[in-house]
Amino acid sequence: MVGIKFIFLGILILSTQTIHAQSDSDPEVELPDSIPVISKKVLTVPEFRKYNPDTIQLGENDQIITDSYTALGQPYVYDALHAFNRRRMDHFGGYLNDKINAGLAEVRSKGFLSDLKKLYIQIDPSTLTVYWSAVVGPSQDGRCYMHVDSRGSAGGGLAAVQKQCPRMHRLHTAMIPVKLLEFNDNVLQCYDWHGMKLDTVTSMINIQQHFYKYYDPQIGNTIALEELAQKEKEKNAEMTVVMVAKPATAVRYKRYTVKSGDTLSQIAEKFHTTPTRIKQANNLRSYLIRVGQTLKIPG
């Protein structure tokens, strides 16, 4: 019995020595006292300073169009933030292009070749608000710029924007595109994509939008501006006739008095409608509104 114990202990000691011998042959590894925690750098959100549109210099017969919209409360807030005109899924947006195009048409109605001369855009990351101003007026290069259009991306980068532009150009047949602005801003991410406020800001989301204005080479050459203005006037008259000819349906309206700081986009969002519907309901010539003005809000 004693002999068996000695044999067993001998095997145990031998086994232990073998294990240590294998460990000694491995490279020496220093184990850290504690596992480091990798944390992202917290970014500081600077105070937002909005530019003053009144400081923008205007030429003779120029006019400025200025407005804003906010993506707060919208699904996929950063996708909504870069909906400068409107997005396909729910038509939410700032309707920037539509408002500028209406301004260009107004310039032509006054007997001038139209042009979009300047475009300013700012984004307030802490409120997810886009502020913009556009200057439209008589063209100085002899071209008549008929439309403005744009494509962009939130987080997709330059490649995502460039992929969309050829399809956009095909929508404006017989017109020549001229790039006006490559908007590119790294917006501090103060919210998650569902619109929940973040405790700390550790990243940015790149917002890009390329704006083009399109001119018709025939206007001023084979087509006179007066002829174009007459065609546009007739087209608008036809649209009015079609709208009147439609069967009348009961539309209920709410009344709203414009307050200081209001924009048509903000009012539309408040009443869950669109700026275009409010514009049509009140027979507004443009998207500009004034303090004290009473608006009919379609239900």
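The values are calculated or read from the model by the stated rules, or taken from the named source; none is laboratory data. The structure displayed is predicted, hence computed values, not measured ones. Here the Cβ positions follow ideal geometry from the backbone for every residue, glycine too, while neighbour counts run over all protein chains shown. Remember, those area values only see protein heavy atoms, side chains included, never the ligands or the DNA or RNA. Shrake-Rupley method; radii C 1.70, N 1.55, O 1.52, S 1.80 Å.
Does segment 170-181 include one or more residues that are closer than 18 Å to Ala83 by Cα and either open to solvent by 60 Å² or more (accessible area, probe 1.4 Å) or in contact with a Cys (Cβ under 9 Å, 6 or more places away or on another chain) (or both)?
no
Taking the condition of being under 19 Å from Tyr131 (Cβ atoms) and of a type in the set (Val, Ile, Thr), how many residues in segment 182-206 meet it?
Residues flagged as under 19 Å from Tyr131 (Cβ atoms) and of a type in the set (Val, Ile, Thr) within segment 182-206 amount to 2.
Gly111 is checked against (1) over 17 Å from Gln209 (Cα atoms); (2) outside any loop (DSSP other than H, G, I, E, B) and fails just one. What number does that condition carry?
(2)
Out of all the residues in segment 115-154, which are assigned to a loop (DSSP other than H, G, I, E, B), out of contact with any helix residue (DSSP H, G or I) (no Cβ under 9 Å at 6 or more places or on another chain) and polar (S, T, N, Q)?
Matches in segment 115-154: Ser126, Thr127, Gln140.
Being modelled with pLDDT under 80, touching a strand residue (DSSP E or B) at 6+ places or on another chain (Cβ under 7 Å) and either surrounded by 11 or more Cβ atoms within 10 Å (Cβ to Cβ) or not hydrophobic (A, V, I, L, M, F, W, C) (or both) is true for just one of Leu295, Leu225. Which residue is that?
Values: Leu295 fails: modelled with pLDDT under 80.
Of the residues listed, the single one that is modelled with pLDDT under 80, touching a strand residue (DSSP E or B) at 6+ places or on another chain (Cβ under 7 Å) and either surrounded by 11 or more Cβ atoms within 10 Å (Cβ to Cβ) or not hydrophobic (A, V, I, L, M, F, W, C) (or both) is Leu225.
Across segment 198-222, what is the number of residues that are more than 13 Å from His147 (Cα to Cα), part of a strand (DSSP E or B) and open to solvent by less than 20 Å² (accessible area, probe 1.4 Å)?
6
Restricted to segment 278-292, and to residues that are of a type outside the set (Ser, Thr, Tyr) and exposed (fewer than 15 other Cβ atoms within 10 Å of the Cβ), which residue is farthest from Ala105 (Cα to Cα)?
Gly292
If I go through segment 61-78 residue by residue, how many of them are in a loop (DSSP other than H, G, I, E, B) and surrounded by 16 or more Cβ atoms within 10 Å (Cβ to Cβ)?
4
Looking at Gly220, Gly195, which is the one that is at pLDDT below 95 and touching a helix residue (DSSP H, G or I) at 6+ places or on another chain (Cβ under 6 Å)?
One residue alone meets the criteria, Gly195.
For segment 155-165, check the following and say yes or no: at least one residue is touching a strand residue (DSSP E or B) at 6+ places or on another chain (Cβ under 7 Å), in contact (Cβ under 8 Å) with a residue 60 or more places away in the chain and hydrophobic (A, V, I, L, M, F, W, C).
Within segment 155-165 (the criterion being touching a strand residue (DSSP E or B) at 6+ places or on another chain (Cβ under 7 Å), in contact (Cβ under 8 Å) with a residue 60 or more places away in the chain and hydrophobic (A, V, I, L, M, F, W, C)), the answer is no, since none of the residues qualifies.
So Tyr51 fits all but one of (1) over 21 Å from Arg277 (Cβ atoms); (2) assigned to a loop (DSSP other than H, G, I, E, B); (3) open to solvent by 90 Å² or more (accessible area, probe 1.4 Å); (4) not aliphatic (A, V, I, L, M); what number is the exception?
(3)
Give the residue, chosen from Leu104, Leu58, that is closer than 30 Å to Glu227 by Cα, modelled with pLDDT of 90 or more and surrounded by fewer than 16 Cβ atoms within 10 Å (Cβ to Cβ).
Sole residue among the options that is closer than 30 Å to Glu227 by Cα, modelled with pLDDT of 90 or more and surrounded by fewer than 16 Cβ atoms within 10 Å (Cβ to Cβ): Leu58.
Does any residue in segment 168-194 that is part of a loop (DSSP other than H, G, I, E, B) come within less than 8 Å, Cβ to Cβ, of a residue that is surrounded by 12 or more Cβ atoms within 10 Å (Cβ to Cβ) and of a type in the set (Asp, Glu) six or more places away or on a different chain, and which pairs are these?
Close Cβ pairs satisfying both conditions: Leu171/Asp149; His172/Asp149; Ala174/Asp216; Met175/Asp216; Trp193/Asp79.
How many of the residues making up segment 152-180 are within 15 Å of Gln209 (Cβ to Cβ), out of contact with any Lys or Arg (no Cβ under 8 Å at 6 or more places or on another chain) and of a type outside the set (A, V, I, L, M)?
Summing the residues that are within 15 Å of Gln209 (Cβ to Cβ), out of contact with any Lys or Arg (no Cβ under 8 Å at 6 or more places or on another chain) and of a type outside the set (A, V, I, L, M) in segment 152-180 gives 8.
Gln122 is checked against (1) over 16 Å from the mean Cα position of the chain (by Cα); (2) under 25 Å from Pro46 (Cα atoms); (3) not small (Gly, Ala, Ser) and fails just one. What number does that condition carry?
Of (1) over 16 Å from the mean Cα position of the chain (by Cα); (2) under 25 Å from Pro46 (Cα atoms); (3) not small (Gly, Ala, Ser), only one is false for Gln122: (1).
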